[in-house]
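The values are calculated or read from the model by the stated rules, or taken from the named source; none is laboratory data. Being a predicted model, the structure only gives us computed values, none of them experimental. Please note: Cβ atoms are built from the backbone with ideal geometry, for glycine as well, and neighbour counts cover all protein chains shown. Calculation scope for accessible area: heavy atoms of the full protein, side chains included, ligands and nucleic acids excluded. Shrake-Rupley method; radii C 1.70, N 1.55, O 1.52, S 1.80 Å.
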Amino acid sequence: MLPPLSERIALGVFPTPLSPLRRLSEHLGGPSIWIKRDDLSGLALGGNKVRKLEYLLQNALTEGADTLITAGAIQSNHCRQTAAAAASLGLECHLVLGGYAPPLLQGNLLLDSLFGAHLHFAGSKRKGEDIPALAESLIAAGKRPYVVPYGGSNKLGALGFANALVELCRQTQEPFSHIVFASSSGGTHAGLLAAAKWMALPTQILGIRIDKEENNGSPFQQQLLSLSQDVLTDLEPLANLSAEDIVLNEDYLGQGYGVMGEPEQEAISLMASLEGILLDPVYTGRAMAGLLDLVQKGHFSAEDKILFWHTGGAPAIFAYADEWAANRHL
Ligand SMILES: *Cc1c(COP(=O)(O)O)cnc(C)c1O
């Protein structure tokens with residue numbers, strides 16, 4: 001089986017570890033649960049975005065870019081990993097961040113500034129609405145900017161996750177019945193789904209939706225389908241996906257994007273205390289809270305073999321320290 005053929009530049013440490021969550025599985029008394037550790041993917045405290053950036057930044061270099069621009073929420077892991085990759089490649093980096101300059105740099109934002117990124121605060125526009133104007137002003141100043149899409153989620157970025165599934169298949173003989181993960185800008189979901197179809201795996205690709213706002217107007221399911229189809233067409237030109245192939249659970253959106261509630265805190269505490277593994281307040285804490293709830297509701301059978309794909313994000317924990325203390329009555 002060949003991995004996707006587009007060129008990529010090495011930025012992360014692969015393969016990431018695959019291991020059973022023995023104590024968590026025993027605690028829950030349900031199916032066996034395993035974890036794929038993309039939190040250990042190497043670049044700047046890890047995370048899933050490095051798989052996408054390996055393809056995207058190869059493309060940026062091929063096009064002769066000297067400057068990267070991308071966007072995200074104020075605690076964006078994607079922005080932090082992009083800033084680190086830019087530093088390592090000697091590229092200038094501009095981040096268009098939602099929200100306003102806080103009095104104290106914390107979590108991912110602190111790391112963005114350590115990597116030397118230029119920070120542009122965009123208020124309520126956290127999905128890169130200001131990027132075209134910024135790109136124009138950089139071009140006028142003689143730069144050659146390359147826009148990394150929101151979350152790194154275009155076809156090229158999603159190829160990183162098609163390749164990730166190939167990597168997983170090389171690590172295990174017996175396929176998983178389900179792969180559960182946080183789905184937000186869609187590239188992770190699309191890459192995994194396209195590759196599962198391509199390899200005809202008997203594995204359900206089960207995304208837990210994190211952010212109920214759309215990135216570009218069209219319904220998220222529709223974006224997922226078209227992105228997955230684009231990746232699949234690259235792998236196997238005549239293969240097709242349909243709307244039924246998209247499995248997206250929307251039951252765990254909580255109080256909205258980036259708001260840490262009780263379920264996220266409980267999931268983070270449980271994984272930390274049973275497994276010594278850190279989840280994050282925005283993505284993996286929410287996705288694991290969803291997985292725990294589904295197990296407790298009897299959604300899976302005892303014979304199922306579940307993979308939780310850890311997509312990173314732990315630096316954001318520190319930006320939520322105040323809320324944590326308040327909620328725990330410390
Ligand atoms: C970006 C991100 C996700 C979501 O991945 P998408 O490809 O954007 O859907 C999940 N977890 C973490 C920690 C992330 O930073």
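Summary of computed values
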{"quantity": "Two-site FRET efficiency, E7 against S226, from Cβ-Cβ distance with R₀ of 30 Å, rounded to 0.05", "calculated": "0.80"}
{"quantity": "For region 1-91, with +1 on Lys and Arg beta carbons and -1 on Asp and Glu, the positive-most of A65, A85, L45 along the dipole", "calculated": "L45"}
{"quantity": "Förster radius 51 Å - calculated FRET efficiency between S124 and Q173, Cβ distance, rounded to 0.05", "calculated": "0.55"}
{"quantity": "Surface accessible to a 1.4 Å probe, E136 within the full protein complex, Å²", "calculated": "130 Å²"}
{"quantity": "Whole-angstrom gap from region 127-166 to region 38-108, using each part's C-alpha centre", "calculated": "10 Å"}
{"quantity": "Accessible area of V147 in the full protein assembly, 1.4 Å probe (Å², nearest 10)", "calculated": "70 Å²"}
{"quantity": "All Cα pairs of the chain, percent lying beyond 24 Å", "calculated": "52 percent"}
{"quantity": "Phi-based couplings in Hz for region 266-272 (Karplus 6.51, -1.76, 1.60; Gly and Pro marked x)", "calculated": "5, 5, 4, 4, 5, 5, 5"}
{"quantity": "Reach of K305 by Cα under 12 Å, taken over aspartates and glutamates that are not fewer than 8 positions away in the same chain", "calculated": "E174"}
{"quantity": "Of all accessible heavy-atom area on the chain, the percent that carbon and sulfur account for (1.4 Å)", "calculated": "54 percent"}
{"quantity": "Candidate lysines - alpha carbon under 29 Å from K125, same-chain residues fewer than 8 apart omitted", "calculated": "K49, K52, K143, K155, K212"}
{"quantity": "Full-extension gain in nm, A101 to E63, via 0.36 nm per residue minus C-alpha separation", "calculated": "10.4 nm"}
{"quantity": "Point-to-point label distance, H299-L18, nm (Cα→Cβ direction, 7 Å offset)", "calculated": "2.2 nm"}
{"quantity": "Rounded FRET efficiency, nearest 0.05, which uses the C-beta distance separating R144 from N216 and R0 of 25 Å", "calculated": "0.50"}
{"quantity": "Inter-label distance, nm, simple model (7 Å from Cα along the C-beta direction), A272/N240", "calculated": "4.9 nm"}
{"quantity": "Per residue accessible area of region 183-330, 1.4 Å probe, in Å²", "calculated": "42 Å²"}
